[in-house]
Amino acid sequence: MTQAAFKQNSHLNPELHAAKTGSIEKLFGRWLNTNHETRGIAECTVERDGNDIKVTIIGVGEDGPIAWPTAAAHELANLEEEAGQRTGALMATFEFGFMRAETHIRVNKGVLVIVLFATFLDDSGRSNYLNREFFYRG
């Protein structure tokens, strides 16, 4: 049996590192959910804290807004092929004890997109889930 070598285009293009840096500033600021009826994330703030990038999220709760713990973000290269974009993206993980929420954050055509992967850690029987929401500058 012949083993095929797998390589992604990103492994072959040295310019992708440059795409990670310099364009991340487009993500900074306060962002509000475009869906005012959301049951997930109401708003997100991305800011620089010295050499670090911090993400703050306000969730929606039955009794009002829920402040998530602030999370450190890690830069990613966004390999979006749409319109030839080569921009920066972020990954931030929020730990709640009962749940882990991993977020991938990017800007697409002026809209902030957050993809959330929620994993429950408390043996509650709740289903893990994925959600994608869109935000405008607030």
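Data for the structure
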| read-out | value |
| --- | --- |
| Filter pass, residue 133 being at pLDDT below 95, in contact with a Ser or Thr (Cβ under 8 Å, 6 or more places away or on another chain) and either over 17 Å from residue 26 (Cα atoms) or not in a strand (DSSP E or B) (or both) | no |
| Options 116, 90, 79: the member that is surrounded by 15 or more Cβ atoms within 10 Å (Cβ to Cβ) and at pLDDT below 95 | 79 |
| Residue count, the stretch 120-136 (criterion: without any contact (Cβ under 8 Å) to a residue 12 or more places away in the chain and either within 11 Å of residue 33 (Cα to Cα) or exposed (fewer than 10 other Cβ atoms within 10 Å of the Cβ) (or both)) | 3 |
| Unique residue being small (Gly, Ala, Ser) and within 11 Å of the chain's Cα centre (by Cα) when the list is 67, 92, 118, 42 | 92 |
| Residues being part of a strand (DSSP E or B), touching a strand residue (DSSP E or B) at 6+ places or on another chain (Cβ under 8 Å) and within 15 Å of residue 101 (Cβ to Cβ) - total across the stretch 49-73 | 11 |
| Criterion violated by residue 105 - all others in (1) in contact with a Cys (Cβ under 8 Å, 6 or more places away or on another chain); (2) outside any strand (DSSP E or B) satisfied | (2) |
| Residue within the stretch 98-109 that is within 18 Å of residue 31 (Cα to Cα) and over 11 Å from the mean Cα position of the chain (by Cα) present | yes |
| Hits in the stretch 16-48 (condition: of a type outside the set (A, V, I, L, M, F, W, C) and modelled with pLDDT under 55) | 17, 20, 21, 22 |
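The values are calculated or read from the model by the stated rules, or taken from the named source; none is laboratory data. Note that the coordinates shown come from a computational prediction; the quantities given were computed from them, not determined experimentally. Note: ideal-geometry Cβ built from the backbone for every residue, glycine included; neighbour counts use all protein chains shown.
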